[in-house]
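> Please find one structure pasted underneath; my questions will follow.
The values are calculated or read from the model by the stated rules, or taken from the named source; none is laboratory data. This is a predicted model, so every value here is computed, not measured. Here the Cβ positions follow ideal geometry from the backbone for every residue, glycine too, while neighbour counts run over all protein chains shown. Just so you know, the surface numbers come from the protein's heavy atoms only, side chains and all, with ligands and any DNA or RNA stripped out. Shrake-Rupley method; radii C 1.70, N 1.55, O 1.52, S 1.80 Å.
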Amino acid sequence: MGDAEYLLSIETSCDETSAAIVRRDRHVLSNIVATQFELHERFGGVVPEIASRAHLERILPVIDEAVRQAGISLTGVGVVAVATHPGLVGSLLVGLTAAKSLSLALDVPLVTVNHVAAHLYACRMAAGADIFPAIGFVVSGGHTHLFDCRSAVEMDLLGCTIDDAAGEAFDKVAQILGLEYPGGPQIERLARDGNSAAFSFARTFLHEPALRFSFSGLKTAVLYAARGTPGSRTPVPELTTSRIQDLAASFQAAAIDVLIGKCEQALKQTGRRTLCVGGGVAANGAFRSALEEMVSRLGVRLVLAPREFCTDNAAMMALGWEYYERGLLAAFDTDVIPGLMRS
Ligand code: KG4
Ligand code: ZN
């Protein structure tokens, strides 16, 4: 184990360019996140080529700002951590190239981190102490993945979505309802004034023991409820604000029921006594409340990622310290592993 004091982490896996400085005791000194919402909004989703070009423009100013806000000098950085998988190939490459260059120039070790595992490490950061072993649940725009986490760096996939991720379903439903991108926060806002029992959407896989999810049927059900079923002659009511609110509330309730049900099954099947939840959808207030209710019924511990560390950020990449402390350093020929995490 080396004697580094400050870790510089870099996160560019999707559409946020982020850099953070995290002290060895996991105290976050800075966490700069440059979002790209405005670049992708008119396309209703992330355009990979636009994302990687924007990362290229922003990466150096973002790193500079992280170092400046932390009040250290670049030469004070003792280890560089970077997300190399999963994600968009061009986006990941910008972060990895910056991280390798800095590691070489500063002559400090490089560690590579799994972005999905880092979402769970945001929970460990909030707890201020080790939380593993635990069931880890990542609910984001790309992933709906349940893990049995033996430690911060050892996790087995218990199950995941077979089609859309939960956050992706929030984004697509928001698009159907004519809301802004990213849709999750918009759906949450509108659902507050809607009737969650107005539409009875299916809870796919809820009553089967397999730990898997499917959200594409739910998304299609919302589409048909909003615009009518293809081939049907029944006229669809106008999409008024109150109908949009009811659709948002009914969709959100169906999605949350399944997310909660599968967490509960994972806890019961494994006997783990701690549940940690991270990823963009974990910022959703209704989901957070439902999780609190479920764990108090089961008598298990819940560690939620703080809201500001739910969506993509580099602070959660303090997970890099766990690799550094175990001597798990990356070689310079290390490459990105694009795509989604499948196993
Ligand atoms: O973790 P994240 O920033 O990026 C990925 O790694 O995918 O998650 C982004 C996703 C988006 O789909 C967004 O709509 C969703 O998280 N999200 C939410 C909320 N805030 C963000 N979904 C539901 N409710 C929210 N409040
Ligand atoms: Zn993410």
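Conditions (1) in contact with a Gly (Cβ under 8 Å, 6 or more places away or on another chain); (2) within 16 Å of ligand 2 (Cβ to nearest atom); (3) of a type in the set (D, E, K, R); (4) more than 20 Å from Ala117 (Cα to Cα), marked per residue:
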position: Ala286; (1), (2), (3), (4): no, no, no, yes
position: Glu293; (1), (2), (3), (4): no, no, yes, yes
position: Ala318; (1), (2), (3), (4): no, yes, no, no
position: Asp333; (1), (2), (3), (4): no, no, yes, yes
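> Among the residues of the range 1-22, which ones are within 14 Å of ligand 2 (Cβ to nearest atom) and at pLDDT below 95?
The answer is Ser13, Cys14, Asp15, Glu16.
> Still on this model: It is to be established whether one or more residues within the range 43-50 are more than 16 Å from ligand 2 (Cβ to nearest atom) and touching a Leu at 6+ places or on another chain (Cβ under 6 Å). Write out each step before concluding.
Filtering the range 43-50 down to residues more than 16 Å from ligand 2 (Cβ to nearest atom) leaves 43-44, 47, 49-50.
If we keep only those that are touching a Leu at 6+ places or on another chain (Cβ under 6 Å) too, we end up with 50.
The answer is yes, given that some residue of the range 43-50 is more than 16 Å from ligand 2 (Cβ to nearest atom) and touching a Leu at 6+ places or on another chain (Cβ under 6 Å).
> Right, here's the next one. Can Leu259 be described as open to solvent by less than 40 Å² (accessible area, probe 1.4 Å), closer than 29 Å to Asp15 by Cβ and of a type in the set (A, V, I, L, M, F, W, C)? Explain how you work it out, then say what you get.
Details: open to solvent by less than 40 Å² (accessible area, probe 1.4 Å): yes; closer than 29 Å to Asp15 by Cβ: yes; of a type in the set (A, V, I, L, M, F, W, C): yes.
In short, yes.
> Sort through Ala152, Ala122, Ala134 and tell me the only one that's within 16 Å of ligand 2 (Cβ to nearest atom) and either open to solvent by less than 20 Å² (accessible area, probe 1.4 Å) or in contact with a His (Cβ under 8 Å, 6 or more places away or on another chain) (or both).
On the way: Ala152 fails: within 16 Å of ligand 2 (Cβ to nearest atom); Ala134 fails: within 16 Å of ligand 2 (Cβ to nearest atom).
On inspection, the qualifying residue turns out to be Ala122.
> Still on this structure: One residue is enough: does the range 262-277 have a residue meeting the conditions in contact with a strand residue (DSSP E or B) (Cβ under 6 Å, 6 or more places away or on another chain) and within 16 Å of Gly184 (Cβ to Cβ)?
yes
> Another one. So which pairs qualify, if the first residue must be in the range 313-324 and free of Cβ contacts under 8 Å to residues at least 24 places away in the same chain, the second must be in a helix (DSSP H, G or I), the Cβ gap must be under 9 Å, and the two must be at least 6 apart or on different chains?
Every condition considered, no pair remains.
> Looking at Thr234, Thr204, which is the one that is modelled with pLDDT under 95 and in a loop (DSSP other than H, G, I, E, B)? So that I can check it myself, show each step before the final result.
Numbers: Thr204 fails: modelled with pLDDT under 95.
From the options Thr234, Thr204, the qualifying one is Thr234.
> Here is a further query. Of (1) touching a strand residue (DSSP E or B) at 6+ places or on another chain (Cβ under 6 Å); (2) at pLDDT 95 or above; (3) outside the structural domain of Leu157 (by TED's automatic domain parsing), Ser343 satisfies all except one. Which?
Of (1) touching a strand residue (DSSP E or B) at 6+ places or on another chain (Cβ under 6 Å); (2) at pLDDT 95 or above; (3) outside the structural domain of Leu157 (by TED's automatic domain parsing), only one is false for Ser343: (2).
> Give the residues of the range 62-85 that are over 24 Å from the mean Cα position of the chain (by Cα) and open to solvent by 10 Å² or more (accessible area, probe 1.4 Å), sorted by residue number.
Asp64, Val67, Arg68, Gln69, Ala70, Gly71, Ile72, Ser73, Leu74, Thr75, Gly76, Gly78
> What do you reckon, is Asp25 under 19 Å from Ala126 (Cβ atoms), away from ligand 2 (no atom under 16 Å from the Cβ) and assigned to a loop (DSSP other than H, G, I, E, B)? Break it down into steps so the answer makes sense when it comes.
Numbers: under 19 Å from Ala126 (Cβ atoms): yes; away from ligand 2 (no atom under 16 Å from the Cβ): yes; assigned to a loop (DSSP other than H, G, I, E, B): yes.
Yes: the conditions hold for Asp25.
> Need pairs with beta-carbon distance below 8 Å; first residue closer than 14 Å to Ala221 by Cβ and without any contact (Cβ under 8 Å) to a residue 40 or more places away in the chain and within the range 169-182, second open to solvent by 10 Å² or more (accessible area, probe 1.4 Å) and more than 16 Å from ligand 2 (Cβ to nearest atom); sequence gap 6+ or separate chains.
none
> Do we find that Asp335 is within 16 Å of ligand 1 (Cβ to nearest atom) and among the acidic types (Asp, Glu) in this structure? If you could, list the steps in order and put the result at the bottom.
Details: within 16 Å of ligand 1 (Cβ to nearest atom): no; among the acidic types (Asp, Glu): yes.
Criteria not met by Asp335.
> Taking the range 124-144 only, how many residues are among the hydrophobic types (A, V, I, L, M, F, W, C) and under 12 Å from the mean Cα position of the chain (by Cα)? Working first, answer last.
Going through the range 124-144, the residues among the hydrophobic types (A, V, I, L, M, F, W, C) turn out to be 125-127, 129, 131-132, 134-135, 137-139.
Subset that is under 12 Å from the mean Cα position of the chain (by Cα): 137-139.
Selection size over the range 124-144: 3.
> Further question: Regarding the range 184-207, can at least one residue be identified that is surrounded by 15 or more Cβ atoms within 10 Å (Cβ to Cβ) and within 16 Å of ligand 2 (Cβ to nearest atom)?
The answer is yes; a qualifying residue exists.
> Taking the range 1-42, which residues are surrounded by fewer than 19 Cβ atoms within 10 Å (Cβ to Cβ) and without any contact (Cβ under 8 Å) to a residue 60 or more places away in the chain?
Arg23, Asp25, His27, Leu29, Ala34, Thr35, Glu38, Leu39, Arg42
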